[in-house]
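Single-structure report; data block below.
The values are calculated or read from the model by the stated rules, or taken from the named source; none is laboratory data. Because the structure is predicted, anything quoted here is derived from the model rather than measured. Every residue, glycine as well, gets a Cβ built from its backbone with ideal geometry; the counts of neighbours run over all protein chains shown. With ligands, DNA and RNA removed, areas are computed over all heavy atoms of the protein, side chains included. Shrake-Rupley method; radii C 1.70, N 1.55, O 1.52, S 1.80 Å.
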Amino acid sequence: MDSNQNQWGSKAWHLLSLLRAQSPLIQCITNFVSMDIVANTLLSAGASPAMLHAVEELPDFTPRAAALYVNVGTLSPSWLPAMTTAAQICNTLHTPWVLDPVAASASAFRFEACRELLRLKPTVVRGNASEIIALSLASAEPNASASKGVDSVHDSMDAVEAAKLLAQTSGAVVAVSGATDIVTDGNRVVGAHNGVAMMQKVTATGCSVTALIAAFVAVDKSHALDAAVSALAVFGVAGELGMKMAKGPASLRMHLIDALYGLDEAALNSHVNITSLC
């Protein structure tokens, strides 16, 4: 293992240890499909999740959160004001927040909602390649791009330039999930190579890792790119370890959560696979 790998393994372990020690409160405005696994992912990593989306509660609750996670998977007109209000509160208080633009271009309503949320300056945007490409092209070609439901029709490596452009125009760190997870701040590009293909057969694993990114950013607010890369690697390593005991998607879900809970320094140092791509 080279020195860069050792550095990333140590960094990931440091952030996971901080997360376990601090147990930050992560407010999640996320879709119905993902709520259970998102909550269990955050709990197993050491964070404290709160699934709260009533706009009437936000002025009292959101200021208490260490980070906010917004996911538009089961978007509705009644939920969008809660998402924007919570993001605005976070911006006022300098609290990090993370956006998951699920199926961003599946409908005009969804696309405009994602664009509105982007204008509220998320700290990190995490999506698949198709979602990131669609959002990056939005200003130049508002009606361009289509995505395949919540699945990507592009490989993450196809979206490197789009991710860099989106990072530069939005000010966010942008993460693109795929066989190699790509993370960029518009200049640096880092690849996280952990995970297993069967994770794609477990619904809401993408939602879960975005929530985990929010938790990692909560404990290292000034280094959002490093936090996002580390969260992706940690989740991927948990998937690799869980796959050793799994017989299929259902048992992988269980073993992934158990592996995340039990991750130790030796496992991270020996499994983390992160490289600089630019």
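Could you tell me which of rounded, prolate or oblate describes region 33-121, using a ≥ b ≥ c as the square roots of the eigenvalues of the alpha-carbon gyration tensor, with rounded for a/c under 1.5 and, failing that, prolate when a/b is larger than b/c and oblate otherwise? Taking the square roots of the gyration eigenvalues as a ≥ b ≥ c, region 33-121 is oblate. Across the accessible surface of the chain, with the other protein chains kept in place and a 1.4 Å probe, carbon and sulfur atoms take up 54 percent. Looking at the chain alone, DSSP beta bridges between its own residues are antiparallel in about 35 percent of cases.
Considering only Cα-Cα distances, which of the following residue pairs are longer than 23 Å: LYS164/LYS201; LYS11/LYS221; LYS11/LYS121; LYS121/LYS164? Pairs exceeding the cut-off: LYS164/LYS201; LYS11/LYS121.
Working value for region 220-278: equivalent-ellipsoid semi-axes of 24, 12, 11 Å, each the square root of 5 times a Cα gyration tensor eigenvalue, largest first. Among rounded, prolate and oblate, which fits the chain when a ≥ b ≥ c are the square roots of the eigenvalues of its C-alpha gyration tensor, a/c under 1.5 means rounded, and a/b larger than b/c means prolate? Verdict is rounded for the chain. Among the trypsin sites (Lys or Arg not before Pro) in region 228-272, those located in a DSSP loop and surrounded by at most 14 other Cβ atoms within 10 Å of their own Cβ are LYS244, LYS247. Helices of the chain meeting both criteria, an alpha-carbon length of 24 angstrom or more along the long axis and an average Kyte-Doolittle score not below 0.0, with helices taken as full DSSP H segments, are 224-243. Among ALA66, ALA250, ALA259, which one moves the most in a GNM of the chain with springs linking Cα atoms closer than 10 Å? Maximum fluctuation in the GNM of the chain, among the listed residues, is at ALA250.
Taking all protein chains as shown and a probe of 1.4 angstrom, ASP185 keeps an accessible surface of around 60 Å². Here, region 1-50 has an Rg and a Dmax of 13.9, 42 Å when only alpha carbons are counted.
Where a ≥ b ≥ c are the square roots of the eigenvalues of the C-alpha gyration tensor, would you call region 14-77 rounded, which needs a/c under 1.5, or, failing that, prolate if a/b is larger than b/c, or oblate? Oblate, because a/c is 1.5 or more while a/b does not exceed b/c. A 1.4 Å probe run over region 155-278, with the rest of the protein chains in place, finds 38 Å² accessible per residue.
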